[in-house]
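Coordinate-derived values only; no laboratory data. As the structure is a prediction and not an experimental result, all values here were calculated from the model. Every residue, glycine as well, gets a Cβ built from its backbone with ideal geometry; the counts of neighbours run over all protein chains shown.
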Ligand code: ADP
Ligand code: MG
């Protein structure tokens with residue numbers, strides 16, 4: 001199934017887009033309190049119910065929450081997936097980065113969960129690969145759920161365990177969790193998944209890879225009363241087939257556009273940069289773009305790049321797995337609020353993170369494959385906006401770049417040679433238009 005993404009995002013849908021004004025300011029949280037207040041979620045002005053979601057079979061109590069949260073009309077993946085999921089069917093949902101998958105599974109989950117959760121016995125479970133994504137997904141669903149008296153809470157490592165256990169004891173209908181912390185709580189009998197009715201794996205292909213599969217399967221086996229299972233990602237491939245065969249029951253595939261499409265117009269730029277000039281090129285790009293994410297392969301490289309940028313006077317911070325969760329959340333929050341110009345990240349930030357107005361994603365080295373490229377790049381050009389995906393290519397990385405271009409069906413252009421004093425870096429559109437072709441034109 002394939003369809004164009006009309007009726008949302010750009011054009012009429014823009015009326016529903018969040019304003020780019022100030023975001024909700026979270027209070028400063030202590031380690032104890034911190035749970036669900038990493039505010040990267042965006043605020044839209046409230047609209048009057050019923051919204052366009054009511055026509056999809058979404059019950060009034062949830063529709064009221066959507067109206068209060070400002071979601072007026074469903075995006076394409078939501079239009080397709082919600083009615084199917086509302087029928088109780090298992091769903092494999094694939095749609096581009098930034099196309100609204102969270103609500104596509106979140107709305108039917110909130111709508112279909114029956115009853116109230118008993119102490120430490122949630123009724124719905126979303127599994128995600130990173131802590132930041134657990135917080136974000138919970139934050140997106142909380143306001144929608146609140147109007148219906150449904151509690152949503154994130155459960156993830158690096159934050160206060162006691163706090164999460166206490167919340168669960170009070171009764172949480174929908175838990176959004178990273179696997180390790182959840183397993184820890186299951187093993188110590190602090191949560192019981194026997195009442196879980198619906199499970200969704202967000203970023204499902206990531207959850208199905210070698211690193212996560214044993215944990216994910218262990219958790220799924222503990223959801224003994226599960227009646228509905230959903231998988232969502234921008235790239236549903238690889239080992240995900242194993243999960244589908246073993247844990248889904250006659251699933252309906254809902255796929256919007258091709259995996260190589262992006263929602264806004266993503267401009268792809270390959271720059272030949274000397275390795276000693278790379279940090280300065282990042283600095284130059286960040287002069288005209290207020291939110292830039294730089295992806296590095298290793299934590300060590302992240303730290304090095306962060307230091308080089310800070311030494312050059314750039315307002316930059318790193319986020320990776322060796323930093324404390326508090327430091328990770330602080331950096332992400334400052335970045336979301338526009339108080340930090342450049343975020344230097346490993347793949348902890350590659351999946352799912354939705355921050356308004358990221359103008360450019362820089363691949364400090366060419367991504368290893370098309371999938372990594374798409375997820376990292378997908379932090380920009382979200383929900384109808386434009387964005388730049390810039391790849392730095394060293395003299396010995398041209399082959400890797402060409403392979404990537406072929407897999408992405410981008411024109412096989414040579415990288416454009418630049419030094420950090422190149423004026424075009426302060427005005428990316430100035431780079432030759434034909435090398436910044438939108439990937440969507442290629443498919
Ligand atoms: P994905 O998971 O597909 O990458 P998200 O679920 O993170 O995308 O959504 C991307 C952005 O689109 C978010 O900022 C979200 O608030 C916004 N969004 C999603 N659905 C709607 C809608 N129906 N109306 C307006 N904005 C929406
Ligand atoms: Mg997502």
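Please compute the modelled spin-label separation between residue 245 and residue 86, points set 7 Å along Cα→Cβ, answer in nm with one decimal.
It works out to 3.4 nm between the two label points.
Please list, short to long, the whole-number percent of alpha-carbon pairs of region 265-441 in consecutive 10 angstrom bins beginning at zero.
Computed distribution, short to long bins: 10, 43, 38, 9, 0.
With each pseudo-label sitting 7 Å past Cα toward Cβ, what's the residue 422-residue 406 distance in nm, one decimal?
The two pseudo-label positions are separated by 2.5 nm.
Report, to the nearest 10°, how far helix 278-288 tilts away from the longest principal axis of the Cα atoms in the chain, using its own Cα long axis and a range of 0 to 90°.
In the chain, helix 278-288 runs at an angle near 70 degrees to the longest axis.
If you consider only alpha-carbon coordinates, what radius of gyration and Dmax does the chain have, in Å?
21.1, 62
To the nearest 0.05, what FRET efficiency results for residue 224 and residue 60 with a Förster distance of 25 Å applied to their C-beta separation?
0.20
With both bridge residues required to lie in region 14-255, what share of the DSSP beta bridges run antiparallel, to the nearest 5%? Walk me through the numbers before you get to the answer.
Values: 1 of 26 bridges.
Percentage antiparallel, nearest 5: 5.
What Kirkwood hydrodynamic radius, in Å, does region 165-216 give when the mean of 1/r is taken over all pairs of distinct Cα atoms and then inverted?
Computed over region 165-216, the radius equals 12.1 Å.
Using alpha carbons only, how many degrees (0 to 90, rounded to 10) separate the axis of helix 299-311 from the longest principal axis of the chain?
60 degrees
Within 10 Å of each residue's Cβ, count the other Cβ atoms and sort 221, 385, 409 from fewest upward.
221, 409, 385
Which residue, 228, 136, 297, tops the fluctuation ranking in a GNM of the chain built on C-alpha contacts under 10 Å?
It is 297.
So how compact is region 166-303: Cα radius of gyration and Dmax in angstrom?
20.4, 56
In what sequence do 278, 414, 101 fall when counting other Cβ within 10 Å, fewest first?
Fewest-to-most ranking of 278, 414, 101: 414, 278, 101.
Antiparallel as a % of all DSSP beta bridges within the chain, to the nearest 5?
5 percent
Tell me the label-point distance for the pair residue 311, residue 357, using the 7 Å Cα-to-Cβ offset, in nm and rounded to one decimal.
According to this spin-label approximation, the distance is 3.1 nm.
What angle, in degrees between 0 and 90 and rounded to the nearest 10, separates the Cα long axis of helix 398-407 from the longest principal axis of the Cα atoms of the chain?
So the helix axis and the longest Cα principal axis differ by about 40 degrees.
Report the Stokes-Einstein translational diffusion coefficient (µm² s⁻¹, integer) for region 239-321, Rh taken as the Kirkwood radius over Cα pairs, at 4 °C with viscosity 1.567 mPa s.
79 µm²/s
Given bins 5 angstrom wide, list per bin the percent of all Cα-Cα distances in region 14-255, short to long.
1, 7, 15, 19, 21, 18, 12, 6, 1, 0
If you average the sequence gap of Cα pairs under 8 Å that are 6 or more apart and divide by the length of region 236-391, what percent do you get for the contact order?
About 31 percent, as a whole number.
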